[in-house]
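Novice: To start, I am sharing the structure in question, which I have written as structure tokens.
The values are calculated or read from the model by the stated rules, or taken from the named source; none is laboratory data. Predicted, not measured: the structure shown is a model, and the values here were computed from it. Backbone-built Cβ (ideal geometry, glycine too); neighbour counts: all protein chains shown. What goes into the accessible areas is simple: the full protein's heavy atoms, side chains included, and nothing from ligands, DNA or RNA. Shrake-Rupley method; radii C 1.70, N 1.55, O 1.52, S 1.80 Å.
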Amino acid sequence: MGVLSPYRERYHRDLNALRAMTRELSDLVSSSIERSVEALCRNDALLAREVVQGDYAVDDLSVKLESKCMELLALQQPMAKDLRMIIGILKIGIDLERAGDLAVDIAMAVIQTKDRDHIEKPDGLSRMARIAVEMISGAMEALERGDPEMARNVTRHDYEIDSLYVKVRDALMRMTAENMSLMDQTIPMLMVNRHLERIGDHICNICESIVYMIEGKREHLN
């Protein structure tokens with residue numbers, strides 16, 4: 001293999017930087033998901049506010065990632081696999097940022113209901129959050145290894161999130177039907193349940209992007 005020119009060396013450093021930024025963004029989003037649901041379960045409005053404030057870091061890094069992708073697309077005019085990687089990371093960044101926004105929505109529900117009576121939180125909500133964080137970790141490992149089958153396997157855990165979503169939704173609806181005075185408490189929980197289910201969908205989108213980056217084909221995994 002020939003020696004890379006300084007220009008190409010910088011290009012490869014930029015590609016590696018994209019991967020590192022993506023991993024950093026995924027870590028921030030995972031933390032937001034964990035902390036928002038922890039705040040929910042503890043009725044901790046202070047922790048919820050920290051999640052909201054932390055979203056500035058998520059947004060800032062997301063913008064930097066997008067800018068770097070656009071810069072490489074414009075200046076390097078990459079071909080084939082490199083082009084797919086940059087486009088894939090651009091899409092992954094968008095899905096991670098949206099998952100982070102949903103974690104903020106969960107935190108906002110905690111803040112908005114802090115002065116209300118609180119029903120016992122369904123166990124399924126914490127379990128959904130844990131699965132989502134594990135899925136993000138698995139997706140990032142698949143990205144780093146360049147392993148499309150690992151990305152496909154990650155999406156199988158979304159079935160458990162969907163199952164928990166239905167169970168939590170039905171339990172909250174029954175609770176509301178039996179005691180309408182609980183509606184102002186159950187409705188925010190229904191929204192949180194929906195937010196967690198949507199986070200799972202965004203992670204499936206990330207896995208689809210990884211498969212596209214590696215194999216060059218679009219595959220519906222959600």
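Novice: Would you mind stating whether Y159 is among the hydroxyl-bearing types (S, T, Y), open to solvent by 50 Å² or more (accessible area, probe 1.4 Å) and under 30 Å from R19 (Cα atoms)? Reasoning before the result, please.
Specialist: Values: among the hydroxyl-bearing types (S, T, Y): yes; open to solvent by 50 Å² or more (accessible area, probe 1.4 Å): yes; under 30 Å from R19 (Cα atoms): yes.
Yes; evaluated as a whole, the condition is true for this residue.
Novice: Please specify each residue of region 198-219 satisfying the condition of being open to solvent by 20 Å² or more (accessible area, probe 1.4 Å), of a type outside the set (A, V, I, L, M, F, W, C) and either more than 21 Å from A103 (Cα to Cα) or in contact (Cβ under 8 Å) with a residue 60 or more places away in the chain (or both).
Specialist: So in region 198-219, the residues open to solvent by 20 Å² or more (accessible area, probe 1.4 Å) come out as 198, 201-202, 205, 208, 212, 214-219.
Filter once more, keeping what is of a type outside the set (A, V, I, L, M, F, W, C): 198, 201-202, 205, 208, 212, 215-219.
Within region 198-219, R198, H202, N205, E208, Y212, E215, G216, K217, R218, E219 qualify.
Novice: (1) free of Cβ contacts under 8 Å to residues at least 12 places away in the same chain; (2) in contact with a Phe, Trp or Tyr (Cβ under 9 Å, 6 or more places away or on another chain): which one isn't true of T176, the others all being true?
Specialist: Looking at each condition in turn, T176 falls short on (2).
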